[in-house]
Structures are given as structure tokens and as C-alpha cells.
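The next block holds one structure in the form of C-alpha cells; read it before the comments.
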């Protein structure tokens, strides 16, 4: 039985993106989940029925700690001798691909679920591009999560290796039985409710979203915005003006992180997701499965999930006026938005159903492992 390492920087990524996948893989392979230590890693092992190994890794650049992580990963791979290592998230990719190359792991796969450097500049951008270049250089196979990520990797010469998107993109897929609006009968309500799901940070377009909504709310008191997700004031904080407006309420309800977002989707009329950058946003897939049309920005992933004018609309990123106009259009054209809503779930089901996404991954594993 061939041994596979699945590696992420923090165990929350394994818990979210690999839920159920590790258990299914363990029927055919010896699967080992590798990530930073924590209770979540133990939970992943128990839930998926796989062995776990903790290797501390920093999410952000930390030269000394990163070298320590590389040393630990190198020792681990020398001891365990996996047949394949498959990483996701940037730091795990850099460390595990380097360690795999140094120890001669035959199959080294990295999945890019998003790229940070396209929205940075200067020295930081060069460093981030260099780390992705090293990751690709040490990998035998590169999987971009979507055509947008693939284009960025190729057009900026991060790699010249043949790379492929599995299926229509997306590494997770959507459980259509779990995300089924029929489980949450719609409650009659007045007005129009927009919902946002994600971290409450600048890069998610929260400054523009709050400003656009504030303008709309001054014109129409029957609109509502629900913000779901944690604030990260120490990493990428929103502006003081945005924070003050959120705290005031006045049509905005910030509910923080939620373990189950489905009831909020069910109570909303549309998703608004004005992020600056993504790999392949699962939020847009979830909302579509729940029958919501979406307003998204013209970025990687989002532009692939939303077909402009069919299940939502696409606007430029960082454009407060365009966002305001799109939200206003949604509120003032209920018949047109109802058509977008009817199209939302069937389109998601045809491309991102969980079973289909997993089959694409398993077929890829069979192909590359049987070649070795």
C-alpha cells in the first residue's frame, strides 16, 4: 500500500478542505496528515481515521522558524519514506516540496488554492514570487485551483511545467445534500438582505462594501447587510471609518464566525463578495448551491464560478461605485434577480458537486502514482 502525505500549514486547512477525502483515500492508500500541532489536527485524525504527525510551521515569513520547519520535515520524510507528498497552502508547499525533493520522494504535488503576490508590490512581491517559484521547481506536479491561478503562474513565469486544472477547478466540491435550500424553508421578510461570508479584512473588499451599502441604505431603509466572519485587526484591518460604521449597526449586522452559515444563506436574497483576490472562493459555491445569486469581483475563481448575467454579476475589484450600482440594481429589479437565483443551484450542481470533484482528484492520483 503506497503512503501519501497530505500537508497543510495549519490543521484547520486539512479539516476544511480535506473533510471526508482523507477517509476515502485511506481505503486505498496509507494516508498521513501532516500539519502544525493543535487540537484540530487530533480531531482530523480521529474523524478521518488516519495517522497524524505534527510539524510546526509559521503562516508568515520567519526565516529561522522556517529553516527549523524544513529540518523537521526533512527528517520526517527520511524516516517515513512516503511515495507521494501533496501539499496545500503556501508555507506548507514551500517546506514540504523542498523536503520532498531533498529526500527523493518520487511524487511531489502542490495545489495552489490562491496566490498572494498579485495584490502586493515591491520587495514583498518579489519574495512571494520567489517562494512560489521554488515550490514549483521542487514539485513534480502542480495543480492550480482554477484557470485564473493557472494563467497567473504561467504568465508570470512562476513555472514552465505542464500544469492542469482538475475538473472545473475547486479542491473541495460542494455537498448538495447539506447545502440544500429545501432544508431551510424561506421565511417571508420585507426588504432585501445581502450576506457576506469571509474574514472581515481589507483584502475582502469590506471597506468598499460598507461604504457602498451605507450609500444604498441612506436611499432605502429596507436593505440589510449581514457580515459573517472573524475580524483580523492584527493582519489586514479594515479602516477606522468602516469599523465605526459596522459598530453603529444601521442596517449592518456583524455576527462574527459561525459554525453553520446555511441559515444565513437561507434568510438572504443575495451574496455580495467584493474580494481583491482569491484562489477559488468556496463561499460563492456554497451560496449558489443555496440558490443565491451573487455579486462578485472580477478575480480568479469568482469569475469562473459566476457566469455574468446568468447566476450573478461580475464587477471590477476595489470599485465602490460599481459595487453600489450592482447592489442597487439587485434591490430594484426583483424579477431579474429571481431568474439569477433560479439558475444558481443548477449551475453549481453541474460543475462542483462533491462526488465529481473528488473523482477528478482520485483519477489524478491513480494516474501519477501508477506512473511511478
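The values are calculated or read from the model by the stated rules, or taken from the named source; none is laboratory data. Remember, it's a predicted structure, so these values are computed and weren't measured experimentally. When we count neighbours, we look across all protein chains shown, and the Cβ atoms used for this are built from the backbone with ideal geometry, even at glycine.
Every residue in the range 248-272 that is outside any strand (DSSP E or B), free of Cβ contacts under 8 Å to residues at least 40 places away in the same chain and either on the phi > 0 side of the Ramachandran plot or touching a strand residue (DSSP E or B) at 6+ places or on another chain (Cβ under 8 Å) (or both), please.
Taking the range 248-272 as the starting set, the residues that turn out to be outside any strand (DSSP E or B) are 248-251, 257-269.
After this cut, where a residue has to be free of Cβ contacts under 8 Å to residues at least 40 places away in the same chain as well, the list is 248-251, 257-260.
Within the range 248-272, 249, 250, 251, 257, 258 meet the criteria.
Have a look at 205, 229 and point out the one that is out of contact with any strand residue (DSSP E or B) (no Cβ under 6 Å at 6 or more places or on another chain) and on the phi > 0 side of the Ramachandran plot.
205 is the lone residue from the list that is out of contact with any strand residue (DSSP E or B) (no Cβ under 6 Å at 6 or more places or on another chain) and on the phi > 0 side of the Ramachandran plot.
Scanning the range 154-161 for residues that are touching a helix residue (DSSP H, G or I) at 6+ places or on another chain (Cβ under 7 Å), within 16 Å of residue 113 (Cα to Cα) and surrounded by 18 or more Cβ atoms within 10 Å (Cβ to Cβ) turns up at least one hit. Selection of helices (runs of 4 or more DSSP H) fully inside the range 280-372 by the criterion of at least 3 residues being touching a helix residue (DSSP H, G or I) at 6+ places or on another chain (Cβ under 7 Å), in the same structural domain as residue 215 (by TED's automatic domain parsing) and touching a residue at least 40 places away in the same chain (Cβ under 8 Å) returns 282-289, 302-305, 320-332, 334-352. Taking the criterion of being outside any loop (DSSP other than H, G, I, E, B) and more than 18 Å from residue 172 (Cα to Cα), the residues of the range 46-62 that qualify are 46, 51, 52, 53, 54.
Residue 113 - would you say it is assigned by TED's automatic domain parsing to the domain that holds residue 167 and over 22 Å from residue 56 (Cα atoms)?
Details: assigned by TED's automatic domain parsing to the domain that holds residue 167: yes; over 22 Å from residue 56 (Cα atoms): no.
So residue 113 does not fit the description; no.
Among the residues of the range 85-102, is there at least one that is assigned to a loop (DSSP other than H, G, I, E, B), more than 25 Å from residue 297 (Cβ to Cβ) and in contact with a strand residue (DSSP E or B) (Cβ under 6 Å, 6 or more places away or on another chain)?
No.
Picking from residues in the range 202-221 that are at pLDDT below 95 and part of a loop (DSSP other than H, G, I, E, B), the one that is surrounded by the most Cβ atoms within 10 Å (Cβ to Cβ) is 220. The set of residues in the range 133-150 that are under 11 Å from residue 161 (Cβ atoms) and assigned to a loop (DSSP other than H, G, I, E, B) comprises 139, 140.
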